[in-house]
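Visitor: Structure incoming, see below.
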Amino acid sequence: MKNKSVLLLLALLFTVKASAVESKLFVDNWLFKLADSTNMSLPNYKDSSWRKLTLPHDWAIEGDFLVTNPSGESGGALPGGIGWYRKHFDINDYSKAKRYYIDFDGVYMNSTVYVNGIELGTRPYGYSSFRYDITKYVRKNGNVVAVKVDNSDQPNSRWYSGCGIYRNVYLVETGNIHVAHWGTFVTASQNGNVNIDVSIDNTCNASEKITVRNSIVDSHGRIISVASSASLVKADTVTVNMQRLSVNNPSLWSVDSPNMYLLRAELLRGKKVVDTYTTKFGFRSFKFDAASGFWLNGKNMKINGVCNHHDLGCLGAAIHKDAIIRKLSILKDMGCNAIRCSHNPPAPELLDACDSLGFIVMDESFDMWHQKKTKNDYARFFDKWFERDLTDLVVRDRNHPSVIMWSIGNEVLEQWNSASADKLTPEQANLILNASHDASSLGGKELSINSKLTRRLADIVKHLDPTRPVTSGCNEPSPDNNLFKSGALDIIGYNYHIGNIKDVPHNFPGKPFIMTESVSALQTRGNYIMPSDTIYKAPKEWWLPYTDPSFMCSAYDNMHASWSSTHEQTWDIVKNTPFVSGQFIWTGWDYIGEPTPYSFPARSSYFGIIDLAGFPKDIYYMYQSEWTSKPVLHLFPHWNWIPGQTIDLWCYYNNADDVELFVNNVSQGVRHKLPHEYHVMWRVKFEPGEVRVVARKNGNIVREQTIHTAGAPDHIRFTADRSSNTHGGLVFVKAEIVDKDDNLCPWADNQIFFNVNGEASIAGVDNGSQTSMERFKANNRKAFFGRCMIVLKTSDTSGEIELTGKAVDLKDGYIKINNISY
Ligand code: GAL
């Protein structure tokens, strides 16, 4: 029993965000209206007819895809607009001696917050986390907070942003002397030294002597190091108390063993603890080396990373921990060890999950600086807000062991001296970003204003965090690029331009290098464009339009954008070039918006290794065969074609000498990969029956895979990603159309109607098609190449959940899941 409560305590300790103990989720019983009136900020505004909901919430994901939506297909063709949120609340243990704050993890965008009718401020950047001090404006009963969210000036993003209070909100109560917002900075190195800065906020009008007691707690709940020291904290100021602790033989944080510790900082006035603040951290050391790339804890390794946008597919931008963990876990199984938060501050939950699952993070601030990429983007606010937004990002995130580098921007137009993107559509801007620029637009001998701006941004970061390198995702590989010329980037990072990589040691002597972005291959799960050994560029050149009536791309690794390269080609360079620290592939998951190479009705990306619904595309297994030691044998495509049709069969494998293919038991030959090859291929004639691939090592069969020609669609097969979940959790259920023998019907596109009984509701549906115009919030979905996904959100009551799926001419699908309490 004791063990159980220790475990529970530990689970709680390691899941709470780094915060004062009085920080409470403030997400229930909000009211929402997609409308605008200044009166909506007033305390007694009549809001009884408003929709009641629980945050996080994204109103755009609930809408229809329309060519007329001003976000355009780059923004996902979903609605924008102005929405208001209101919440009535009491503070039961209200005390005049306490301080009250409201913390927002992120509101997209231009949020203005009012408490009891008083305007607290506006925060333009939709990805920043922020706090308001509401002490002066709240009372015990009858408080109202109102939030106006203005995402009406569109387009303002090159991808789907979401709309609303799409991240968590907290109500924070503290004493009048407390640890400041994001008030700890913990640096822990491989040798066990821990530097701790605790910022003490004294809101009283008298100086106080405050003792800071820092305790380090290991994963068993044991205090393994403790120290105290006193600081004189002046009235109305924030004072930093610094301590140095040490831990013997700490368990290091790494991508394979992400060991975490907890710092408990207590503030004592005399003997009384007046505040307690917990911070998760990890011990690790790393370096980027110009010759040998990346080292973690003394071990040379490749950063095998992906870029991801923040949306969670059919859930939109509204964050949910289970969806974030699923997104990362599927990548982890592939062998991926790093995430680039492209191109904006992530949700805190993402970094928590990266800490605990073992991902290296490139934490990125902006997609644009002063010069805009879309008509109404953050560039409008940059001059006024960049310092604050960048500061907040670094101060919020600098305790995460997963965060290994900061990026001060992605493909900012300030790389060149003048680049007027002001009049471009998002599509044109996107293309121009990837075009080559005239050398005369690059800096001369003097440091340009843009190089100075680069220095300014890097200095802000370095001042707040001297422990991590600064980089930027550039798309101008010349050393005359204003960002490189500034000398302020610790790591040279550029996107694509694989032909220039060999010149890096010459162009940037002594500087480490990473491919901040790579690949941009174009794939639709389940669609195979043959002949597969031809490389298709789409569009052929960046300035040409591209059309194809299918609106699909190819699931063989044989299609990519004109500025990019195939997965295999890129990986071969990364793998065989020691000075390349690694890469961040564009992208791990498909995302809503930016449907290159198509335009509407395409409305989500083709770049992902995993589709929007979470189904891996075939290339996933190439990475798994290279990045993990798990046994991999993946033969594709399916085996349902027209008799006599010529079909290319590819196979990814590892841990074997060769592979042999059989069509209806007739050998089609033995193949093995040559150096620099990552798949083998057979070109065969289709005949119904089966294809079987056999992998052998030292002459012995080590693995086999058989694909049968599927018969007529017979029934719906459900597979849930878990058999039970806790209250308010998500369950992801795969729905597949299969024949009577349970073979996937690869061409099936039946409409499936879902019915949920018991303790869950439908949170979203999807099938990974980039052109589906079906709503993400619905009780039905068409299968796409045989599959679709339904996401269930469990209620707050324990009990059973029964999901049924019905489709014309098919037998029902059925599955039972348990909803349990924590
Ligand atoms: C890059 C850009 C990404 C995305 C990608 C598509 O240039 O940084 O945000 O647009 O191109 O290939």
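Nothing in this text is a laboratory measurement; each read-out follows from the coordinates by a stated rule. Remember, it's a predicted structure, so these values are computed and weren't measured experimentally. Reconstructed Cβ throughout: ideal geometry from the backbone, glycine too, with neighbour counts over all protein chains shown.
Visitor: Kindly give Rg over Rh for the stretch 481-616, based on alpha-carbon atoms, with the Kirkwood expression for the hydrodynamic radius.
Guide: 1.02
Visitor: How large is log10 of I(q)/I(0) for the chain at q = 0.04, 0.08, 0.11 Å⁻¹ when the intensity is taken from the Debye formula with one equal scatterer per alpha-carbon?
Guide: Log-scaled intensity ratios, in q order: -0.17, -0.72, -1.39.
Visitor: To test your reading of the geometry: what angle, between 0 and 90 degrees and rounded to tens, separates the Cα axis of helix 321-334 from the longest principal axis of the chain?
Guide: 50
Visitor: What net charge do the residues around Ile303 carry, taking every other residue with its C-beta under 13 Å from that of Ile303, with Lys and Arg at +1 and Asp and Glu at -1?
Guide: Within the 13 Å Cβ shell, the charges total +3.
Visitor: Please state the charge dipole magnitude for the chain, taken about the Cα centre, from unit charges on C-beta atoms (+1 on K and R, -1 on D and E), reported in debye and rounded to the nearest 20.
Guide: 2340
Visitor: Something else about it: Over the chain, what relative contact order in percent results from Cα pairs under 8 Å that are six or more residues apart?
Guide: RCO, the chain: 9 percent.
Visitor: Quick check: Cα centre of the stretch 237-264 to Cα centre of the stretch 142-203, how many Å?
Guide: 21
Visitor: Something else about it: What are the residues whose amide H is under 5 Å from the amide H of Lys811, where those residues sit 5 or more places off or on another chain and H is modelled from the backbone?
Guide: His715, Ile716
Visitor: Once the mean 1/r over all distinct Cα pairs of the stretch 586-695 is inverted, what Kirkwood radius in angstroms do you read off?
Guide: Taking every pair of different Cα atoms in the stretch 586-695, averaging 1/r and inverting gives 15.7 Å.
Visitor: Through the Karplus equation 6.51 cos²θ - 1.76 cosθ + 1.60, θ set to phi - 60°, convert the phi angles of the stretch 232-248 into ³J(HN,Hα) values in whole Hz; use x for Gly and Pro.
Guide: 8, 10, 6, 4, 6, 9, 10, 10, 9, 9, 10, 9, 10, 10, 9, 10, 7
Visitor: Any of Lys280/Lys384; Lys33/Lys777; Lys87/Lys327; Lys373/Lys793; Lys24/Lys816; Lys33/Lys617 with alpha carbons more than 27 Å apart? Name them for me.
Guide: Cα-Cα > 27 Å for Lys280/Lys384; Lys87/Lys327; Lys373/Lys793; Lys24/Lys816; Lys33/Lys617; rest within.
Visitor: Just want the ordering: Val670, Val198, from fewest to most Cβ atoms lying within 10 Å of their own Cβ.
Guide: Ordered from fewest to most neighbouring Cβ atoms within 10 Å, Val670, Val198 come out as Val670, Val198.
Visitor: Any chance you could list P(r) for the stretch 715-820, counting all Cα-Cα pairs in 10 angstrom bins from zero, rounded to whole %?
Guide: Bin by bin from 0 Å, the calculated values are 17, 49, 28, 6.
Visitor: Please list 275-284, 743-752 highest first by mean number of surrounding beta-carbon atoms within 10 Å per residue.
Guide: 275-284, 743-752
Visitor: Same structure, new question: With every atom except the alpha carbons ignored, what do you get for Rg and Dmax of the stretch 757-796, in angstroms?
Guide: Every Cα atom of the stretch 757-796 included, Rg and Dmax give 11.1, 35 Å.
Visitor: Now, a different point. When a/c is below 1.5 the answer is rounded, else prolate if a/b is larger than b/c, else oblate, so apply that to the stretch 39-117 with a ≥ b ≥ c taken from the square roots of the Cα gyration tensor eigenvalues.
Guide: prolate
Visitor: Compute the separation of the alpha-carbon centres of the stretch 18-72 and the stretch 517-559 and state it in Å as a whole number.
Guide: 39
Visitor: Moving on to the next point. What ranking, highest mean first, results for peptides 31-38, 329-336 when packing means the other Cβ atoms within 10 Å averaged over each residue?
Guide: Taking the mean over residues of other Cβ atoms within 10 Å, the ranking is 329-336, 31-38.
Visitor: Can you list the HN-Hα couplings for the stretch 601-611, worked out from phi with the Karplus curve (6.51, -1.76, 1.60; θ = phi - 60°), rounded to whole Hz and with x for Gly and Pro?
Guide: So the Karplus estimates, Gly and Pro as x, are x, 5, 9, 9, 7, 10, 7, x, 6, 10, 7 Hz.
Visitor: I would also like to ask the following. Counting each DSSP H run of 4 or more residues in the chain as -39500 (n - 2.57), what helix-only mean residue ellipticity at 222 nm follows after dividing by all residues, to the nearest 500 deg cm²/dmol?
Guide: -4000 deg cm²/dmol
Visitor: Please compute one quarter of the surface area of the Cα convex hull for the stretch 22-175 and express it in square nanometres.
Guide: So the Cα hull casts an average projection of 8.6 nm².
Visitor: Can you find, among His497, Ala712, Gly313, the residue sitting farthest towards the positive end of the charge dipole of the chain, where Lys and Arg contribute +1 and Asp and Glu -1 at Cβ?
Guide: Farthest towards the positive end: Gly313.
Visitor: What number comes out for the charge environment of Asn249, summing +1 per Lys or Arg and -1 per Asp or Glu over other residues with Cβ under 15 Å away?
Guide: My count for the surroundings of Asn249 gives +1.
Visitor: Here is a follow-up. Using a 10 Å cut-off on Cβ atoms, rank the peptides 813-819, 594-600, 644-650 from the highest mean neighbour count down.
Guide: 594-600, 813-819, 644-650
Visitor: Would you report the distance distribution of C-alpha pairs in the stretch 229-369 as whole percents per 5 angstrom bin, up to the bin with the largest distance?
Guide: That works out to 2, 8, 14, 16, 15, 14, 12, 10, 6, 3, 0, in percent per bin.
Visitor: Here is a further query. Given the C-alpha centroids of the stretch 696-762 and the stretch 444-474, what is the distance between them in whole angstrom?
Guide: About 49 Å separates the Cα centre of the stretch 696-762 from the one of the stretch 444-474.
Visitor: Follow-up. Describe numerically, in nm with one decimal, the distance between label points set 7 Å from Cα along Cα→Cβ at Asp533 and at Val666.
Guide: With each label point 7 Å from Cα toward Cβ, the separation is 2.1 nm.
Visitor: In a shell of Cβ-Cβ distance under 13 Å around Tyr45, excluding Tyr45 itself, what net charge do Lys and Arg (+1) and Asp and Glu (-1) give?
Guide: +3
Visitor: When Rg is the radius of gyration of the Cα atoms in the stretch 633-708 and Rh is its Kirkwood radius, what does Rg/Rh come to?
Guide: Using only Cα positions, Rg/Rh for the stretch 633-708 is 0.96.
Visitor: So how tilted is helix 2-15 from the main axis of the chain? Cα-based, degrees 0 to 90, rounded to 10.
Guide: Around 90 degrees separate the two axes.
Visitor: Taking neighbour Cβ counts within 10 Å as the exposure measure, how do Ile134, Ile325 sort from fewest upward?
Guide: Ascending Cβ contact count within 10 Å gives the list Ile325, Ile134.
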